[in-house]
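Participant: Let me give you the structure first, and then I'll get to my questions.
The values are calculated or read from the model by the stated rules, or taken from the named source; none is laboratory data. This is a predicted model, so every value here is computed, not measured. Don't worry about glycine lacking a Cβ; one is built from the backbone with ideal geometry, like all the others, and counts go over all protein chains shown.
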Amino acid sequence: MMDIQSKFDRDAGQIVRVDHWLVRMPLAETILWGSGRRSGTTRLICRVTTRDGGVGWGETISLIDTVPAVFARMVAPLAQGYSVADVETFHRHVLGAGYYHHKRAAVMAIAALEAAMWDALGRRAGLPLWALWGGLWRQRVEASAYVFVSDPAKVSDAARRFLDAGFETFKIKIGVSAATDIPLVEAVRSVVGARDIRADVNGAWTPGTARRQLAKLAPFDLAYVEQPLELDDLEGHAALRRCQTVPVALDESAYTLSDVGNIVRAGAADVVLLDPHEAGGLWQVVKQAAVCESVGIPVTLHSGGELALSQAAYVHLAASIPNMTLAIDTEQTYLAGDIAPDGPRLAGGTFPVPDRPGLGVEPDLDLIARYTVDGISGAYLDPEKPGWFPVKPAY
């Protein structure tokens, strides 16, 4: 009988080199939201090289200084000698090196390397990642239009532009002020008709404010309200689900696999937004989605300004996960550039599913060099309001 195990050469697939770059992609327009003002997205890009010369690329979000620090001092050194197939062991190795106490300080750094391992494995196998995760469940991936306008007088024009571009789902940021919450939703509903609208509060409400605002929003038939309360308040979210009819989605509350387990046990969400960068890897999202699927909870993906590599990873996940039935978030329309010419591109509000091996993306080193920076800036706070900082809950 043929030994199937002999077909995979673990030694040849060992990681022998890790390179990484910190890049900042400007946004075509500044985003104002409940946590500040954002003018660009900072991402950590990495490349692994295997003993036989194979490569794999990964990307993660870099909002705070712990991400590049943990990557350079812990993640990259530990990766040396790992087979690209051992993503689960590697994830747990980093946590076991002290970060099991501080998961949120490590998950974003782990995610870049873990994605590169998957990319290298897919390239070695000659298969796209969706084929390694159960196969193709959907042919195209719907995306939500991100309507980042906090002025009710201007939001209608923005919504109309996305509608004309073919989007069927619309996400708006509320939670900036009590006075603008309802008018923003009302203005978008008047433009998009019966299409889905989701409203993201970013944890700005108190429980009492949430009840009052959601009672006013009920007539607008929101697909869901996202993160209405502070991220640690699972009991409050569960109570909010019981006392009103707008579905509750959790995002910041749902970083890790354990977070999702706690949400399910608490009965705190009707929808869960997942993010491989916040979970510590693509495989962690597959597991998180399965936990939700077991109790009938649909999932989608949170966006933090993904460039080509992470955007491809998102599409592979959405293409293969059955209960990822909701349009995924994306900020691609706001990016002023990218690091690869061949990443998935929006067309008519949807992404095509890559069919090339691995992530199916080839980054351009010249583009990476063009956008390389030595620090993180413009993630939070608002330069136009000296001394201001976000407080959650805000009102």
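Participant: Any chance you could count how many residues in the range 268-309 are surrounded by fewer than 21 Cβ atoms within 10 Å (Cβ to Cβ), among the hydrophobic types (A, V, I, L, M, F, W, C) and farther than 16 Å from I110 by Cα?
Facilitator: So the count comes out to 4.
Participant: Has the range 83-101 got at least one residue that is outside any helix (DSSP H, G or I) and free of Cβ contacts under 8 Å to residues at least 24 places away in the same chain?
Facilitator: Yes; the residues of the range 83-101 include at least one that is outside any helix (DSSP H, G or I) and free of Cβ contacts under 8 Å to residues at least 24 places away in the same chain.
Participant: Regarding the range 332-343, can at least one residue be identified that is touching a residue at least 12 places away in the same chain (Cβ under 8 Å), farther than 14 Å from F167 by Cβ, in a strand (DSSP E or B) and among the hydrophobic types (A, V, I, L, M, F, W, C)?
Facilitator: Scanning the range 332-343, I find at least one residue that is touching a residue at least 12 places away in the same chain (Cβ under 8 Å), farther than 14 Å from F167 by Cβ, in a strand (DSSP E or B) and among the hydrophobic types (A, V, I, L, M, F, W, C), so the answer is yes.
Participant: Modelled with pLDDT of 95 or more, more than 21 Å from A279 (Cβ to Cβ) and in contact with a Lys or Arg (Cβ under 9 Å, 6 or more places away or on another chain), is that true of P341?
Facilitator: no
Participant: Could you please find all residues in the range 52-66 being among the polar types (S, T, N, Q) and surrounded by fewer than 20 Cβ atoms within 10 Å (Cβ to Cβ)?
Facilitator: T66
To keep it simple, each residue is scored yes or no on (1) surrounded by 20 or more Cβ atoms within 10 Å (Cβ to Cβ); (2) under 19 Å from the mean Cα position of the chain (by Cα).
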| site | (1), (2) |
| --- | --- |
| G13 | yes, no |
| P68 | yes, yes |
| L78 | no, no |
| R104 | no, yes |
| V107 | yes, yes |
| A116 | yes, yes |
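Participant: When both residues are 6+ apart or on different chains and their Cβ atoms are under 9 Å apart, which pairs have a first residue that lies in the range 299-314 and is over 17 Å from T256 (Cα atoms), and a second that is basic (K, R) and assigned to a loop (DSSP other than H, G, I, E, B)?
Facilitator: If the second residue must be basic (K, R) and assigned to a loop (DSSP other than H, G, I, E, B), the pairs left are Q311/R345.
Participant: If you go through the range 134-141 one residue at a time, do you hit one that is of a type in the set (A, V, I, L, M) and either modelled with pLDDT under 95 or within 26 Å of A215 (Cβ to Cβ) (or both)?
Facilitator: So far as the range 134-141 goes, no, none of its residues is of a type in the set (A, V, I, L, M) and either modelled with pLDDT under 95 or within 26 Å of A215 (Cβ to Cβ) (or both).
Participant: I would also like to ask the following. Looking at S320, is it among the hydroxyl-bearing types (S, T, Y), under 20 Å from A111 (Cα atoms), in contact (Cβ under 8 Å) with a residue 60 or more places away in the chain and crowded, with 23+ Cβ neighbours inside 10 Å?
Facilitator: For S320, the condition - among the hydroxyl-bearing types (S, T, Y), under 20 Å from A111 (Cα atoms), in contact (Cβ under 8 Å) with a residue 60 or more places away in the chain and crowded, with 23+ Cβ neighbours inside 10 Å - is not met.
Participant: Quick one: in the range 80-101, which of the residues that are among the β-branched types (V, I, T) and buried (at least 17 other Cβ atoms within 10 Å of the Cβ) is farthest from the chain's Cα centre (by Cα)?
Facilitator: Checking each candidate, the answer is V84.
Participant: Out of the residues in the range 307-329 that are touching a helix residue (DSSP H, G or I) at 6+ places or on another chain (Cβ under 7 Å) and not in a helix (DSSP H, G or I), which is farthest from S294 (Cα to Cα)?
Facilitator: Residue satisfying both the conditions and the ranking: I328.
Participant: Do the conditions hold for S294, that is, is it assigned by TED's automatic domain parsing to the domain that holds L231, touching a Lys or Arg at 6+ places or on another chain (Cβ under 9 Å) and among the polar types (S, T, N, Q)?
Facilitator: Judged against the criteria, S294 is not a match.
Participant: Restricting attention to the range 361-393, and to residues there that are touching a helix residue (DSSP H, G or I) at 6+ places or on another chain (Cβ under 9 Å) and under 26 Å from E230 (Cβ atoms), which single residue is modelled with the highest pLDDT?
Facilitator: Here the answer is P393.
Participant: May I pose another question? Go through the range 142-200 and report how many residues are on the phi > 0 side of the Ramachandran plot and surrounded by fewer than 18 Cβ atoms within 10 Å (Cβ to Cβ).
Facilitator: Counting residues in the range 142-200 that are on the phi > 0 side of the Ramachandran plot and surrounded by fewer than 18 Cβ atoms within 10 Å (Cβ to Cβ) gives 2.
Participant: Residue check: is S310 at pLDDT 95 or above, more than 29 Å from L22 (Cβ to Cβ) and polar (S, T, N, Q)?
Facilitator: Answer is no for this residue.
Participant: Among the residues of the range 225-237, write down those that are surrounded by fewer than 24 Cβ atoms within 10 Å (Cβ to Cβ) and in contact (Cβ under 8 Å) with a residue 24 or more places away in the chain.
Facilitator: Listed by number, the residues that qualify are E230, L231, D233, L234, E235, G236.
Participant: For residues that are touching a strand residue (DSSP E or B) at 6+ places or on another chain (Cβ under 7 Å) and surrounded by 17 or more Cβ atoms within 10 Å (Cβ to Cβ), tally how many sit in the range 339-360.
Facilitator: Summing the residues that are touching a strand residue (DSSP E or B) at 6+ places or on another chain (Cβ under 7 Å) and surrounded by 17 or more Cβ atoms within 10 Å (Cβ to Cβ) in the range 339-360 gives 12.
Participant: For the range 187-207, check the following and say yes or no: at least one residue is over 20 Å from A158 (Cβ atoms) and not in a loop (DSSP other than H, G, I, E, B).
Facilitator: yes
Participant: So is A131 touching a Leu at 6+ places or on another chain (Cβ under 7 Å) and part of a helix (DSSP H, G or I) or not?
Facilitator: no
Participant: Could you please find all residues in the range 342-373 being within 15 Å of P128 (Cα to Cα) and of a type outside the set (A, V, I, L, M, F, W, C)?
Facilitator: Listed by number, the residues that qualify are D342, G343, P344, P352, P354, D355, R356, P357, G358, G360, E362.
Participant: If you scan the range 363-381, which residues turn out to be surrounded by fewer than 16 Cβ atoms within 10 Å (Cβ to Cβ) and assigned to a loop (DSSP other than H, G, I, E, B)?
Facilitator: Correct list: D364, V373, D374, G375, S377, Y380.
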